[in-house]
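The values are calculated or read from the model by the stated rules, or taken from the named source; none is laboratory data. Here the structure is a predicted model, which means the values were calculated and not measured. Here the Cβ positions follow ideal geometry from the backbone for every residue, glycine too, while neighbour counts run over all protein chains shown. Keep in mind that these areas ignore ligands, DNA and RNA; they rest on the heavy atoms of the full protein, side chains included. Shrake-Rupley method; radii C 1.70, N 1.55, O 1.52, S 1.80 Å.
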Amino acid sequence: MLNILRKEAGLSASALSYIFIAFGLMFLLPGYPILCGVFFVTLGLFQSFQKAREANDTVFSALLPIAKKDVVKGRYLFVCLIELCSLLIMAITVIIRMTLLRDAVPYTHNALMNANFFALGVAFFIFGIFNSVFVGGFYKTAYKFARPFVTYIIIAFVMVGVAEALHYIPGLEIVNAFGTDHLGFQLGALAVGMALYLLLTILSLRSSCRNFEKLDL
Amino acid sequence: MDRAEIRGLCKRYPSFELKDVSFSIGSGRITGFIGRNGSGKTTTIKSMLNLIHPDSGEVSFFGLPMFGNEAEIKKRIGYSTGTVSWYPRKKIRDLVAIVKRFYDTWDDAAYRKYLDLFQLDENKMPIELSEGMKVKCNLLMALSHRAEILILDEPTSGLDPFSRSELLEIFTSLKHDGVAVFFSTHIITDIEKCADDIVYISHGKIVAASSKDDFVSNYSESGESLEDIMLRLERSVLNA
């Protein structure tokens with residue numbers, strides 16, 4: 001598995017996949033829909049899918065001395081690695097905003113969503129949607145990615161909009177908690193986001209392995 | 001001893017059908033897989049490599065069924081397509097650095113030997129290579145992990161006569177080292193020059209699978225050349 005991951009990272013990956021990890025830092029921006037950072041990270045991942053397809057990677061990988069399903073697992077592993085790197089940046093950013101910058105004026109007068117554990121949980125969920133809708137959709141054909149990507153974009157931006165709007169609904173103000181306020185709720189929301197990420201990714205991986213096995217390349 | 005056994009392969013497409021394809025590939029022999037364009041050569045080869053799924057039939061290498069032994073079998077076979085190149089904008093050296101890790105049988109000495117023999121520059125990218133050199137580049141990868149059987153899809157297509165002749169000589173030299181070479185072609189003179197066995201496919205059906213000598217003695221009429229035989233057989237299939 002390490003070899004196929006090395007192949008993904010060294011041959012198939014677009015440099016943009018690595019560079020766009022830095023969009024995790026968008027969690028620092030006040031007055032900006034911070035979850036757009038998640039979309040930009042996935043846009044970088046999309047570039048790797050595009051580059052790999054142009055290089056005939058699917059058949060190249062299928063001919064390597066590994067089981068066909070390991071080709072799919074390698075790609076998922078790479079995608080998750082990039083996502084987790086950006087989530088790490090987002091998590092560090094969240095902690096900085098919750099502690100050191102808790103009272104910084106640009107953040108206390110922020111009309112949009114605060115960077116807190118709830119936001120991080122939603123970021124996990126949107127990455128899970130990417131893995132499920134885009135990556136899983138791609139492996140239905142191992143060739144076509146326009147429809148799965150457009151579908152993912154629509155769902156992702158609806159999610160961003162919903163997450164941004166939630167705290168305006170009476171009773172749901174706690175989703176936009178500052179600092180360590182409502183920490184129990186926030187950590188619970190993060191745990192739910194992580195669980196959804198895991199669930200969506202594992203289900204998508206299983207179905208992609210099955211689909212790829214049946215494909216005629 | 002047979003290196004590969006293909007039994008009863010069937011695959012149905014809306015406009016084409018592979019019908020009950022069966023043949024075997026012998027150790028240390030060169031097998032020419034001949035048929036006109038669209039006769040089913042590539043479909044058969046892709047089925048052998050588990051790239052497409054036949055509706056029925058079995059493929060086994062070294063006595064092991066492909067299903068369930070894919071990784072182990074692929075380590076022992078080499079595959080090349082004549083004109084397709086992978087990662088056209090990566091240096092050969094970088095491609096090799098990634099690919100070699102998958103093979104515990106990778107032989108750096110063999111890699112250097114074939115690099116010199118094929119006069120390939122490992123700092124070049126596939127996109128910078130001629131069609132002939134691309135074939136050699138694919139062969140380089142296959143031979144450097146001591147493949148016991150080479151499966152080559154139209155390796156001589158697009159090659160000039162000199163490169164073709166050179167490639168056929170390489171096949172002969174590999175055969176003497178015990179490597180089984182299976183190559184598809186629609187160029188009959190390639191078969192005439194170096195093949196020991198012939199598998200002839202027409203309209204998705206194997207017409208003949210035998211040694212070249214047996215093929216000629218069974219199908220030749222009044223001193224026909226191999227090319228004359230093939231053309232007559234193909235016409236008779238069309239007129240049937």
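Would it be correct to say that A:L112 is under 30 Å from A:N3 (Cβ atoms) and away from chain B (no Cβ under 14 Å)?
Details: under 30 Å from A:N3 (Cβ atoms): no; away from chain B (no Cβ under 14 Å): yes.
Considered against the rule, which asks whether it is under 30 Å from A:N3 (Cβ atoms) and away from chain B (no Cβ under 14 Å), A:L112 comes out as no.
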Next item on the list: Search the range A:12-27 for residues that are free of Cβ contacts under 8 Å to residues at least 24 places away in the same chain and pair each with any residue that is of a type outside the set (D, E) and assigned to a helix (DSSP H, G or I) when their beta-carbon atoms are under 6 Å apart and the residues are at least 6 apart or on different chains.
Entry: A:M26/A:G37
Checklist line | Every residue from the range B:118-134 that is out of contact with any helix residue (DSSP H, G or I) (no Cβ under 8 Å at 6 or more places or on another chain) and surrounded by 13 or more Cβ atoms within 10 Å (Cβ to Cβ) | finding: B:E128, B:E131, B:M133
Notebook entry, point to check: For the range B:145-177, which residues satisfy the criterion of being farther than 24 Å from B:W106 by Cβ and in contact with a strand residue (DSSP E or B) (Cβ under 8 Å, 6 or more places away or on another chain)?
Noted result: B:E154, B:T156, B:S157, B:T172
Notebook entry, point to check: Say we look at the range B:118-166 and pick out the residues that are modelled with pLDDT of 85 or more and acidic (D, E); which of these is nearest to B:V179 (Cα to Cα)?
Noted result: B:E148
Notebook entry, point to check: (1) in contact with a helix residue (DSSP H, G or I) (Cβ under 9 Å, 6 or more places away or on another chain); (2) not in a helix (DSSP H, G or I): which one isn't true of A:G137, the others all being true?
Noted result: (2)
Notebook entry, point to check: Could you list, in sequence order, the residues of the range B:50-67 that are over 15 Å from the mean Cα position of the chain (by Cα), on the phi < 0 side of the Ramachandran plot and not in a strand (DSSP E or B)?
Noted result: B:I52, B:H53, B:P54, B:D55, B:M66, B:F67
Margin query: Which condition from (1) without any contact (Cβ under 8 Å) to a residue 12 or more places away in the chain; (2) closer than 26 Å to B:E227 by Cα is the one that B:E72 breaks?
Written below: (2)
Check: How many residues does the range B:188-231 hold that are out of contact with any strand residue (DSSP E or B) (no Cβ under 8 Å at 6 or more places or on another chain), in a helix (DSSP H, G or I) and in contact (Cβ under 8 Å) with a residue 12 or more places away in the chain?
Finding: 7
Check: Restricting the range A:21-39 to residues that are modelled with pLDDT of 95 or more and open to solvent by 40 Å² or more (accessible area, probe 1.4 Å), which is nearest to the chain's Cα centre (by Cα)?
Finding: A:F23
Margin query: Residue under question is B:L115, and the condition is that it be free of Cβ contacts under 8 Å to residues at least 12 places away in the same chain and aliphatic (A, V, I, L, M); does it hold?
Written below: no
Check: Which of the helices (runs of 4 or more DSSP H) contained wholly in the range B:68-187 include at least 1 residues that are within 14 Å of chain A (Cβ to nearest Cβ) and over 20 Å from the mean Cα position of the chain (by Cα)?
Finding: B:92-99
Next item on the list: Would you point out which residue out of A:G179, A:G188 is open to solvent by less than 60 Å² (accessible area, probe 1.4 Å), away from chain B (no Cβ under 14 Å) and without any contact (Cβ under 8 Å) to a residue 12 or more places away in the chain?
Entry: A:G188
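Out of everything in the range B:33-49 that is open to solvent by less than 30 Å² (accessible area, probe 1.4 Å) and part of a loop (DSSP other than H, G, I, E, B), what residue ends up being farthest from the other protein chains (Cβ to nearest Cβ)? Can you show your working first?
Looking only at the range B:33-49, we keep the residues that are open to solvent by less than 30 Å² (accessible area, probe 1.4 Å), and these are B:33-35, B:39-41, B:43-45, B:47-49.
From the residues that got through so far, the ones that are part of a loop (DSSP other than H, G, I, E, B) too are B:35, B:39-40, B:49.
Details: B:G35: 20, B:S39: 18, B:G40: 14, B:L49: 7 Å.
This residue is B:G35.
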Next item on the list: Just name the residue that is farthest from the other protein chains (Cβ to nearest Cβ) out of those in the range B:50-67 that are open to solvent by less than 40 Å² (accessible area, probe 1.4 Å) and polar (S, T, N, Q).
Entry: B:S60
Checklist line | Residue list for the range A:40-61, restricted to those being surrounded by fewer than 20 Cβ atoms within 10 Å (Cβ to Cβ) and either more than 9 Å from chain B (Cβ to nearest Cβ) or without any contact (Cβ under 8 Å) to a residue 24 or more places away in the chain (or both) | finding: A:F40, A:L43, A:Q47, A:Q50, A:K51, A:R53, A:E54, A:N56
Check: Which residue pairs have Cβ atoms under 8 Å apart, sit 6 or more places apart or on different chains, and have a first residue in the range B:121-136 that is without any contact (Cβ under 8 Å) to a residue 24 or more places away in the chain and of a type in the set (S, T, N, Q) and a second that is part of a loop (DSSP other than H, G, I, E, B) and open to solvent by less than 70 Å² (accessible area, probe 1.4 Å)?
Finding: none
